[in-house]
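What follows is a set of notes on a single structure, which appears directly below.
The values are calculated or read from the model by the stated rules, or taken from the named source; none is laboratory data. Just so it is clear, the model here is predicted, and its values are computed rather than measured. Counting neighbours? That spans all protein chains shown, and the Cβs are built from the backbone with ideal geometry, glycine included. Just the protein is used for accessible areas: all its heavy atoms, side chains included, with ligands, DNA and RNA removed. Shrake-Rupley method; radii C 1.70, N 1.55, O 1.52, S 1.80 Å.
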Amino acid sequence: VGNHVRLAQALEAAGLDLILIADGYAPGCAAASRVGFQDPRTHAILWAVPLILGTSRLGLVSTMHTTYLHPVHIARFAGHLDRMSGGRWGWNIVNSFRESEAKLFGFEALPDHDASYDAADECVRVIEALWSAAPVDHDGEHFHVHGRLAGPHPGDRPLLVSAASSARGRAFA
């Protein structure tokens with residue numbers, strides 16, 4: 001943890017605006033795991049905490065997957081990270097792109113590419129409604145959410161990031 005905090009502090013001192021904490025749930029491939037590349041990985045939600053506490057201006061963007069995390073979880077994590085960071089936290093929105101992760105979560109295969117962006121669109125709409133602190137009454141194609149989320153809620157909408165490259169992904173972004 002110490003090395004990562006010192007790196008974040010050095011990046012902040014160099015004038016960087018933000019850093020992205022990438023994340024995934026399963027190793028990319030066996031060869032990469034054998035040499036320790038991205039296995040083990042830092043958990044983007046948890047790893048943000050010491051970096052937030054160790055810096056004062058640097059923005060931190062955590063990866064959270066809309067395919068594997070329910071909107072209520074994402075909204076709640078976001079509210080806390082936004083509050084802890086004083087508004088310096090952002091969300092890297094990822095749906096799904098690794099077969100090994102889909103299988104880890106019990107899917108037979110990756111969800112349909114375009115349909116996963118449809119679900120991500122709905123997920124973001126639900127999260128933004130939850131961030132408003134008003135009761136939510138949502139029955140969608142992918143999510144059913146009813147009630148009000150306990151705070152904290154982000155003061156302003158956090159920075160949303162998407163690195164999508166396909167036509168549908170760019171439309172989502």
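Values as computed for the structure displayed
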item	result
Residue among Ala173, Ala164 that alone is out of contact with any strand residue (DSSP E or B) (no Cβ under 6 Å at 6 or more places or on another chain), buried (at least 17 other Cβ atoms within 10 Å of the Cβ) and at pLDDT below 95	Ala164
Residue in region 77-93 that is touching a Cys at 6+ places or on another chain (Cβ under 9 Å) and polar (S, T, N, Q) present	no
Whichever residue in region 54-74 is closer than 30 Å to Phe107 by Cα and among the polar types (S, T, N, Q) and, among such residues, is most open to solvent (accessible area, probe 1.4 Å)	Thr67
Whichever residue in region 83-102 is touching a residue at least 12 places away in the same chain (Cβ under 8 Å) and among the charged types (D, E, K, R) and, among such residues, is nearest to His153 (Cα to Cα)	Arg83
Candidates Glu99, Glu141, filtered to the one that is at pLDDT below 95 and not aliphatic (A, V, I, L, M)	Glu99
Selected residue [within 13 Å of the chain's Cα centre (by Cα), open to solvent by 20 Å² or more (accessible area, probe 1.4 Å) and over 19 Å from Ala163 (Cβ atoms)] from Phe77, Phe105	Phe77
In region 120-129, the residues that are of a type outside the set (Asp, Glu) and surrounded by fewer than 20 Cβ atoms within 10 Å (Cβ to Cβ)	Val124, Arg125, Ala129
Some residue of region 41-59 being in contact with a Gly (Cβ under 8 Å, 6 or more places away or on another chain) and closer than 20 Å to Tyr25 by Cβ	yes
Out of Gly147, Gly151, Gly87, sole residue that is under 23 Å from Ala22 (Cβ atoms) and of a type outside the set (D, E, K, R)	Gly87
Residue check, Ser100 more than 16 Å from Ser162 (Cβ to Cβ), hydroxyl-bearing (Ser, Thr, Tyr) and surrounded by fewer than 18 Cβ atoms within 10 Å (Cβ to Cβ)	yes
Long-range neighbours under 8 Å by Cβ, at least six apart or interchain, first residue farther than 10 Å from Trp131 by Cβ and without any contact (Cβ under 8 Å) to a residue 24 or more places away in the chain within region 151-169, second among the polar types (S, T, N, Q) and open to solvent by less than 30 Å² (accessible area, probe 1.4 Å)	none
Matching residues in region 130-152 - criterion: being touching an Asp or Glu at 6+ places or on another chain (Cβ under 8 Å) and open to solvent by 30 Å² or more (accessible area, probe 1.4 Å)	Glu141, His142, His146
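Every residue, every condition in (1) open to solvent by less than 60 Å² (accessible area, probe 1.4 Å); (2) within 30 Å of Ala171 (Cα to Cα); (3) in a loop (DSSP other than H, G, I, E, B), yes or no:
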{"position": "Ala8", "(1), (2), (3)": "yes, no, no"}
{"position": "Glu12", "(1), (2), (3)": "yes, no, no"}
{"position": "Ile19", "(1), (2), (3)": "yes, yes, no"}
{"position": "Gly24", "(1), (2), (3)": "yes, yes, yes"}
{"position": "Leu46", "(1), (2), (3)": "no, yes, no"}
{"position": "Ile52", "(1), (2), (3)": "yes, no, no"}
{"position": "Met84", "(1), (2), (3)": "no, no, no"}
{"position": "Ser96", "(1), (2), (3)": "yes, yes, yes"}
{"position": "Pro111", "(1), (2), (3)": "yes, yes, yes"}
